[in-house]
Amino acid sequence: MALYRHAEVSVESWVEMAEGVSVSYDVDHLNDQATLYFGHDRDYVLTLGRSNLEVLISLAGQAVGDLQVEDGESGDEPVEAQGKPS
């Protein structure tokens, strides 16, 4: 059950993460979606279809770029990302 619903967006929760939080993901090829896990015990889970995942990635990239500009960084530094554990 959604906590809040408006138009095409359903908000389930509010999450703040400490630096260095454990993250991982699973891919569901059959349903064309990915599930992102945050926290040691997968405390927060976000499941998105491919197109919404692409929108999230694009938006996050723009936000990181804006933060780098505000901080005076060149934006040439690599961004460290963690994916599915090996």
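The values are calculated or read from the model by the stated rules, or taken from the named source; none is laboratory data. Values in this document were obtained by computation on a predicted structure and should not be read as measured data. Cβ coordinates were reconstructed from backbone atoms using ideal geometry, including for glycine residues, and neighbour counts include every protein chain displayed.
Q68 passes every criterion in (1) closer than 17 Å to W14 by Cβ; (2) in contact with a Ser or Thr (Cβ under 8 Å, 6 or more places away or on another chain) apart from (1). For segment 17-33, name all the residues that are in a strand (DSSP E or B) and either free of Cβ contacts under 8 Å to residues at least 40 places away in the same chain or not aromatic (F, W, Y) (or both). Answer for segment 17-33, where residues must be in a strand (DSSP E or B) and either free of Cβ contacts under 8 Å to residues at least 40 places away in the same chain or not aromatic (F, W, Y) (or both): V23, S24, D26, V27, D28, Q33.
Results for (1) surrounded by 11 or more Cβ atoms within 10 Å (Cβ to Cβ); (2) in a loop (DSSP other than H, G, I, E, B), shown as yes or no for each residue.
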| position | (1), (2) |
| --- | --- |
| V15 | yes, yes |
| T35 | yes, no |
| H40 | no, yes |
| N52 | yes, no |
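For (1) modelled with pLDDT under 85; (2) among the acidic types (D, E); (3) closer than 21 Å to N31 by Cβ, each residue gets a yes or a no:
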| site | (1), (2), (3) |
| --- | --- |
| L46 | no, no, yes |
| V55 | no, no, yes |
| G61 | no, no, no |
| Q68 | no, no, no |
| G75 | yes, no, no |
| A81 | yes, no, no |
| K84 | yes, no, yes |
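Output the residues belonging to segment 1-38 that are at pLDDT below 95 and either in contact with a Pro (Cβ under 8 Å, 6 or more places away or on another chain) or charged (D, E, K, R) (or both). Selection gives R5, E8, E12, E16, E19.
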